[in-house]
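Data first, discussion second: the structure below is written as structure tokens.
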Number of protein chains: 2
Amino acid sequence: MSPHAPPSLADIEAAAARIAPLVVRTPLISNPMLDAACGGRAFVKAECLQRHGSFKLRGATNKIAALAPEQRARGVLAFSSGNHAIATAAAARHFGVSAVIVMPADAPAIKRDRATSFGAEIVAYDRLTEDREAIGHAIAKARGLSLVKPFDDPFVIAGQGTIGLEIAADLDAVDLVLVCTSGGGLVSGIATAVQARRPAAQVYAVEPEGHDDLARSLAAGVRVKNAPGVRSICDALMVEQPGALTFEIMRARLAGSLVVADEAVRAAMRFAMAELKLVLEPGGAIALAALLSGAVDARGKTVVVIASGGNVDLETYRALIGA
Amino acid sequence: MSPHAPPSLADIEAAAARIAPLVVRTPLISNPMLDAACGGRAFVKAECLQRHGSFKLRGATNKIAALAPEQRARGVLAFSSGNHAIATAAAARHFGVSAVIVMPADAPAIKRDRATSFGAEIVAYDRLTEDREAIGHAIAKARGLSLVKPFDDPFVIAGQGTIGLEIAADLDAVDLVLVCTSGGGLVSGIATAVQARRPAAQVYAVEPEGHDDLARSLAAGVRVKNAPGVRSICDALMVEQPGALTFEIMRARLAGSLVVADEAVRAAMRFAMAELKLVLEPGGAIALAALLSGAVDARGKTVVVIASGGNVDLETYRALIGA
């Protein structure tokens, strides 16, 4: 697989075989209240039940599993303060590969502790004055480490795409798939896999208001950036702009990008708690929010929403689901 | 099947075939933190992901599905303020059977609304001055309705026992199964199915402190009652004493009954939220609480805990998971 070419269906099938020993095949959950709310036949792909609480384990595992023995021997590096950091640390531990995680000094202690519990070396940086990519690339170069990028890598995209294979295996017909999107690795992989198996399926990205770089990039035909400083409760979905490779895939495959307000995300988190009995983090609930808020017309259709993760600390969760 | 004889494995297999169209085959969820916490290989049977949020749909569906056509034509009656009421109403709707639910006048509006949304007729009674069983039996007799008992019925026990078939199908080896217990229908059914397929498995009931009628009944060799007025956060697990039929099964099959304090249940609810990403009601978390609090030694063993339900309203949930 070229590092700059989109993964094929065969690449995603190879990823599925590679990651199977470490990754949970997550359930597709149906719910009568959800069907009633959207007027269609809805399924929630519960990646919050994935090991370590998010889909990120799939991509990181596929990337590390595909490294050559000499690359594995030197180790890997990732920069992330969140789910990708934990996933990379956990996957590296599984393969006996050393991992360096470049993380902001003010990252939540629970995420730092989780990464170190898998034996990762943490390199802290000052979020306000230092550039994590510059630090990460310098360390990777000096120590010969392989970079595990969060999204713009065909192996990472192929790993996330295994979710699409599972959806197609579980459902004979799929009309709509709604996928939370930040850099675009998840939606790129899922769209590639689902459309290979279910060509009629329409795949939509879903983004938070103020971080709608993809919607605007699709309209402009070139990648555009978000305005700096805009807040959203979807902390996992804040990226400057789409990836170069993922944008190429998303332009070719997506039906569009739906933009959802924070209040709809909170309502979806409450619905997930009360009806689905699933704990979702804000970014993990945004595709459900798009469905429940009517951002897309699902009446009479079979629709899959990706519930991408559930990593939210207890006090934040209590505050977010409050009335 | 005699109304007074324990269900056999064949009865439970027949139940599985009968309820399949309505009931979700729930996932067995594993989690690295849970394995680390108990020192064994642990699986959570997530019945909170069952339709309508609890295992109760299995037993109610099997009971109604097995009624003769003339019984179905007359209708069914259940008395319950909780999960069994909703399950009976939903199962009755599925089969086109009319349902009467005898419910306390002060039952939570959400539960009453849920039951009426399935077309059930609600008969309210005063919890302090009236006897629901007397009211229920009188109505059932006058109108020729079939009673859907919450636990002490072989069809209900067989329906709940389908969970045991699913566990045995998913796991080649099972050492321990921990099951929340009130009247005993769930644990009786699961023990019958699991021990038929995995004879070495030990099955434990788990009860809340102050409602340990089963532990004391097993010690005494006869059914004894709980002292009146003792409170527990496990609102779904408060019964006066074990059922007559279920006690017979439990005496023969259980390794014992573990008694767990409310504080351990709250800790298990928090663990389920933070690590498993599952919303559990207190009674649904008590088997997990037994495992996490060390009420049984699971080191080196394969252990299944039943997460029986997730029906807790949002404000109660927020309060219970608070520090």
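The values are calculated or read from the model by the stated rules, or taken from the named source; none is laboratory data. These figures come from a predicted structure and were not determined experimentally. FYI the Cβ positions are ideal-geometry reconstructions off the backbone, even for glycines, and counts take in every protein chain you see. The protein model used for the area step is the full one, side chains on, heavy atoms only, and it has no ligands, DNA or RNA in it. Shrake-Rupley method; radii C 1.70, N 1.55, O 1.52, S 1.80 Å.
Please go through the range B:299-323 and pick out each residue that is open to solvent by 10 Å² or more (accessible area, probe 1.4 Å) and more than 14 Å from every other protein chain (Cβ to nearest Cβ).
Correct list: B:ARG299, B:GLY300, B:LYS301, B:THR302.
Across the range A:32-48, what is the number of residues that are open to solvent by less than 10 Å² (accessible area, probe 1.4 Å) and either at pLDDT below 95 or aliphatic (A, V, I, L, M) (or both)?
4
So if I check each of B:VAL279, B:VAL265, B:VAL296, B:VAL259, which one is closer than 19 Å to B:PRO27 by Cβ and hydrophobic (A, V, I, L, M, F, W, C)?
Residue meeting the stated conditions: B:VAL279.
Among the residues of the range B:262-273 satisfying the criterion of being among the hydrophobic types (A, V, I, L, M, F, W, C) and under 19 Å from the mean Cα position of the chain (by Cα), which is surrounded by the most Cβ atoms within 10 Å (Cβ to Cβ)?
Ranking the candidates gives B:VAL265 first.
From the residues in the range A:1-16 that are among the small types (Gly, Ala, Ser) and within 20 Å of the chain's Cα centre (by Cα), which one is modelled with the lowest pLDDT?
A:ALA5
Can we say B:ARG127 is touching a residue at least 24 places away in the same chain (Cβ under 8 Å) and open to solvent by 50 Å² or more (accessible area, probe 1.4 Å)?
No, not satisfied.
Does B:GLU263 fit the bill of being in contact (Cβ under 8 Å) with a residue 40 or more places away in the chain, closer than 28 Å to B:ALA46 by Cβ and of a type in the set (Asp, Glu)?
no
Which residue, of B:ASP175, B:ASP153, B:ASP131, is charged (D, E, K, R), at pLDDT 95 or above and more than 14 Å from the chain's Cα centre (by Cα)?
Being charged (D, E, K, R), at pLDDT 95 or above and more than 14 Å from the chain's Cα centre (by Cα) holds for just one of B:ASP175, B:ASP153, B:ASP131, which is B:ASP175.
Among the candidates B:ALA42, B:ALA46, B:ALA36, single out the residue that is without any contact (Cβ under 8 Å) to a residue 12 or more places away in the chain and under 30 Å from B:ARG299 (Cβ atoms).
Testing whether each residue is without any contact (Cβ under 8 Å) to a residue 12 or more places away in the chain and under 30 Å from B:ARG299 (Cβ atoms) leaves just B:ALA36.
Within the range A:178-200, track down each residue that is buried (at least 24 other Cβ atoms within 10 Å of the Cβ) and over 14 Å from the mean Cα position of the chain (by Cα).
Result: A:THR192, A:ALA193, A:VAL194.
For the range A:181-192, check the following and say yes or no: at least one residue is under 22 Å from A:PHE43 (Cβ atoms) and out of contact with any Ser or Thr (no Cβ under 8 Å at 6 or more places or on another chain).
Taking every residue of the range A:181-192 in turn, at least one turns out to be under 22 Å from A:PHE43 (Cβ atoms) and out of contact with any Ser or Thr (no Cβ under 8 Å at 6 or more places or on another chain).
So, in the range B:56-88, of the ones that are more than 20 Å from B:ASP235 (Cα to Cα) and of a type in the set (Gly, Ala, Ser), which residue ends up least open to solvent (accessible area, probe 1.4 Å)?
Only one residue tops the list, namely B:GLY75.
Only one residue in B:GLY144, B:GLY119, B:GLY164 is open to solvent by less than 10 Å² (accessible area, probe 1.4 Å) and in contact (Cβ under 8 Å) with a residue 12 or more places away in the chain. Which one?
B:GLY164
Filter the range B:20-41 for residues that are within 11 Å of chain A (Cβ to nearest Cβ) and assigned to a strand (DSSP E or B) and give the result.
Selection gives B:LEU28, B:ILE29.
Just checking, does the range A:65-85 include any residue being at pLDDT below 95, within 14 Å of chain B (Cβ to nearest Cβ) and closer than 30 Å to A:ALA140 by Cα?
yes
Going by what's in this entry, would A:LEU276 be described as buried (at least 22 other Cβ atoms within 10 Å of the Cβ), facing chain B (nearest Cβ under 10 Å), touching a helix residue (DSSP H, G or I) at 6+ places or on another chain (Cβ under 6 Å) and closer than 18 Å to B:MET269 by Cβ?
No; evaluated as a whole, the condition is false for this residue.
Do we find a residue being of a type outside the set (A, V, I, L, M, F, W, C), open to solvent by less than 10 Å² (accessible area, probe 1.4 Å), within 10 Å of A:GLY184 (Cβ to Cβ) and without any contact (Cβ under 8 Å) to a residue 40 or more places away in the chain anywhere in the range A:229-244?
no
Would you confirm whether any residue within the range A:250-257 is in contact (Cβ under 8 Å) with a residue 60 or more places away in the chain, open to solvent by less than 20 Å² (accessible area, probe 1.4 Å), more than 14 Å from chain B (Cβ to nearest Cβ) and in contact with a helix residue (DSSP H, G or I) (Cβ under 9 Å, 6 or more places away or on another chain)?
yes
Evaluate the range A:4-17: report whether one residue or more is within 30 Å of A:ASP106 (Cα to Cα) and either buried (at least 22 other Cβ atoms within 10 Å of the Cβ) or not small (Gly, Ala, Ser) (or both).
Within the range A:4-17 (the criterion being within 30 Å of A:ASP106 (Cα to Cα) and either buried (at least 22 other Cβ atoms within 10 Å of the Cβ) or not small (Gly, Ala, Ser) (or both)), the answer is no, since none of the residues qualifies.
May I ask you to list the residues in the range B:86-102 that are of a type in the set (Gly, Ala, Ser), within 14 Å of chain A (Cβ to nearest Cβ) and within 11 Å of B:THR61 (Cβ to Cβ)?
B:ALA87, B:ALA90, B:ALA91 - these are the residues of the range B:86-102 that are of a type in the set (Gly, Ala, Ser), within 14 Å of chain A (Cβ to nearest Cβ) and within 11 Å of B:THR61 (Cβ to Cβ).
Can you run down the residue pairs with Cβ atoms below 7 Å, 6 or more apart or on separate chains, where the first is in the range A:93-107 and within 14 Å of A:ASP131 (Cα to Cα) and touching a residue at least 60 places away in the same chain (Cβ under 8 Å) and the partner is of a type in the set (Phe, Trp, Tyr) and open to solvent by 10 Å² or more (accessible area, probe 1.4 Å)?
From the range A:93-107, no pairs qualify.
Quick one: which residue in B:VAL222, B:VAL279, B:VAL259 is of a type outside the set (Phe, Trp, Tyr) and touching a Lys or Arg at 6+ places or on another chain (Cβ under 6 Å)?
Residue meeting the stated conditions: B:VAL279.
For residues that are closer than 12 Å to A:ALA37 by Cβ and open to solvent by 10 Å² or more (accessible area, probe 1.4 Å), scanning just the range A:279-298, find the one that is farthest from the other protein chains (Cβ to nearest Cβ).
The qualifying residue farthest from the other protein chains (Cβ to nearest Cβ) is A:GLY294.
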